[in-house]
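The values are calculated or read from the model by the stated rules, or taken from the named source; none is laboratory data. A quick note: this is a predicted structure, and the numbers were derived from the prediction, not measured. Every residue, glycine among them, receives a Cβ derived from its backbone with ideal geometry; neighbour counts consider all protein chains shown.
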């Protein structure tokens, strides 16, 4: 099958390679014929039936020691051959781990390498704006560009060697010990969201020259959840559809080609109550096929799959519920790997067909009919069996998950290397014995690292983002390769000693050149490793920050696979359920107490406001009474008699502050007191200087 057409630059490169080979062959023929006269004719050659003309002057130049154009271009390249190899390996490794380089990032890495080798001789602008594109074209047999596909970082970390081994170990034990190898009793279920609007991109036809071709469609973004269940024998159960709604509507169930199980929730998602009803429907559909045998149900870690009611029903009816590793369904779950891709494609096609034929938008009344046709097209026996085979379930095959699939988890997977002296298989010396360990270079290096700032490299604890490598190496400029001692090497030796000295000089220059090549390779690797460590440190720091915010008390928070229907896990769920109910009761009590306190405080504030208002009126009346008494006092003093009435005092007529209601700790009775009274009325009592009793006077 023919591949994609080559670019012009690629064609020119291949032609240059062929031409250089022909020049080399023509040069050798010329030398073999011992020709000393000038080449007076244009040599010709053929390659794959195509005639290629060779320049006579170029051939003459090659005969006299000239270099080919490819060699000349390579000598002027920013990167040496060894450095280019390091860059290619680094680029491929980062891509395999889920962090592919962009053109800008590749240029930054190459700029750092060239600056480390050339120093101030390297231009400030770097290797050039289009250098990365030419580099990829030069090594197009090993590198190419892709449109990136998003991979959540949690999914990248989930599929790691430890989790993978735990999953297949648990799956193998479950299949061998519980299922009796009955493929028709192995089921897998998962839910997915479907929207009336949107869908995968499609190739459409339009006027040439336009940048964008729009495709009109419905704008309804209401989510509808569909639970799909498949069996290892190639069959599928009827799906369950969860509509968004407050109550069930009869008009939803009109055209239902798949006899779909209907449900509804406030947001259109599945929850614990729907999960219990679904497992009951699952048992109803599969109990006849099971014929009393144990059934295995593979599910993800959604909380509706490990509620107490769900697991109790599963254990009662001999249904083993096995949970995939968290965030690993894109590798381990056959529905995600095989089924949902074509199902979403067929869903888009059926939506377009329905709108084209009826002109109506898809609503709940039409959803079952449109989805049902897509469901029947996607869930064929071949696709269902391929889903179980691709994920290593039927037949059981743990090799389906390759190292390339686990490569994105290398940053979050660590392995502590230990020396032979820390090997647990090494016999431990007795009390009277002393270990006899030779000071090997490895042990010496470990001892040195333990006493340095890089001790975390040999520690059994995970590396933290705050760990910093010491500055072990500073990049230094490396001089370019130049022809040295040309006169001495080209001179004809006259004695044996001169010949030996000339050979030793050649060997020394060759050794020096190899050392320089090794230095260039190692320095470029150090530069890229430093850039890689910076990236990993930032990722580790972000992960540590997220871990601080994580909630405690999760049932499946470690991300490992588990048998949800196992007795110990069901007991944990029951304890968690009881604890949650106790917390909910306590919360409701606190809310009731808070509501009661709020009501009592509102009543107290109303009474206190009324008291303050009445005291203001009393104060105003007291001011009038006091003025009248002062007039009577002055008159009585002049007449030499006592006042006809006593002095009015404010404290005798003001209403005292009302005690504020107080609530003590839960479990004790409500108390009222004056300790926390917040009355702002300061006119009770003597009322200041004007409220004090007058000094005694003689009348």
Hey, any hits in segment 253-275 for a residue that's at pLDDT 80 or above, exposed (fewer than 13 other Cβ atoms within 10 Å of the Cβ) and in contact with a strand residue (DSSP E or B) (Cβ under 9 Å, 6 or more places away or on another chain)? yes
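Any idea which of 354, 388, 438 is assigned by TED's automatic domain parsing to the domain that holds residue 257 and modelled with pLDDT under 90? Please lay out each step first, then the result.
On the way: 388 fails: modelled with pLDDT under 90; 438 fails: assigned by TED's automatic domain parsing to the domain that holds residue 257.
The unique qualifying residue is 354.
Out of the strands (runs of 3 or more DSSP E) lying entirely within segment 221-325, which hold 3 or more residues that are in the same structural domain as residue 337 (by TED's automatic domain parsing), in contact with a helix residue (DSSP H, G or I) (Cβ under 8 Å, 6 or more places away or on another chain) and closer than 24 Å to residue 371 by Cβ?
On the way: elements: 224-231, 240-244, 261-265, 295-299, 319-323.
Per the criteria, 224-231, 240-244, 261-265.
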Over 59 Å from the mean Cα position of the chain (by Cα), modelled with pLDDT under 70 and surrounded by 11 or more Cβ atoms within 10 Å (Cβ to Cβ) - does that describe any residue in segment 14-37? yes
Pick from segment 234-249 the residues that are over 11 Å from residue 364 (Cβ atoms) and touching a residue at least 60 places away in the same chain (Cβ under 8 Å): which of them is surrounded by the fewest Cβ atoms within 10 Å (Cβ to Cβ)? 235
Among (1) in a helix (DSSP H, G or I); (2) loosely packed, with under 14 Cβ neighbours inside 10 Å, the one test that residue 597 misses: (2)
Exactly one of these conditions fails for residue 592: (1) surrounded by 15 or more Cβ atoms within 10 Å (Cβ to Cβ); (2) at pLDDT 85 or above. Give me its number. (1)
Which numbered condition residue 521 misses (of (1) surrounded by 13 or more Cβ atoms within 10 Å (Cβ to Cβ); (2) modelled with pLDDT of 75 or more; (3) not assigned by TED's automatic domain parsing to the domain that holds residue 94): (3)
For residue 323, work out the one condition from (1) surrounded by fewer than 19 Cβ atoms within 10 Å (Cβ to Cβ); (2) in contact with a strand residue (DSSP E or B) (Cβ under 7 Å, 6 or more places away or on another chain); (3) closer than 22 Å to residue 565 by Cα it doesn't fulfil. (1)
Do we find a residue being more than 30 Å from residue 305 (Cβ to Cβ), assigned to a loop (DSSP other than H, G, I, E, B), in contact with a helix residue (DSSP H, G or I) (Cβ under 7 Å, 6 or more places away or on another chain) and not assigned by TED's automatic domain parsing to the domain that holds residue 320 anywhere in segment 614-624? no
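Under the condition of being in a helix (DSSP H, G or I) and modelled with pLDDT of 75 or more, which residue from segment 183-220 is surrounded by the most Cβ atoms within 10 Å (Cβ to Cβ)?
Residues of segment 183-220 in a helix (DSSP H, G or I): 183-185.
Checking the rest, the ones that are also modelled with pLDDT of 75 or more come to 184-185.
Details: 184: 16, 185: 24.
Per the stated criteria, the residue is 185.
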As an exercise: evaluate residue 103 against (1) modelled with pLDDT under 85; (2) farther than 15 Å from residue 529 by Cβ; (3) touching a helix residue (DSSP H, G or I) at 6+ places or on another chain (Cβ under 7 Å) and give the number of the one condition it does not meet. (1)
Looking at residue 120 and the list (1) surrounded by fewer than 12 Cβ atoms within 10 Å (Cβ to Cβ); (2) in a loop (DSSP other than H, G, I, E, B), which single condition is not satisfied? (2)
Kindly list, by first and then second residue, each pair from a residue in segment 603-623 that is within 18 Å of residue 662 (Cα to Cα) to a residue that is exposed (fewer than 12 other Cβ atoms within 10 Å of the Cβ), limited to pairs with Cβ atoms under 9 Å and residues at least 6 apart or on different chains. 608/678; 608/680
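I'd like to check something: does segment 145-154 contain any residue that is assigned to a helix (DSSP H, G or I), out of contact with any strand residue (DSSP E or B) (no Cβ under 7 Å at 6 or more places or on another chain) and surrounded by 12 or more Cβ atoms within 10 Å (Cβ to Cβ)? Don't jump to the end; show me each part of the working.
Residues of segment 145-154 that are assigned to a helix (DSSP H, G or I), as a first pass: 153-154.
After this cut, where a residue has to be out of contact with any strand residue (DSSP E or B) (no Cβ under 7 Å at 6 or more places or on another chain) as well, the list is 153-154.
Now drop any that are not surrounded by 12 or more Cβ atoms within 10 Å (Cβ to Cβ), which leaves 153-154.
Within segment 145-154, one or more residues are assigned to a helix (DSSP H, G or I), out of contact with any strand residue (DSSP E or B) (no Cβ under 7 Å at 6 or more places or on another chain) and surrounded by 12 or more Cβ atoms within 10 Å (Cβ to Cβ).
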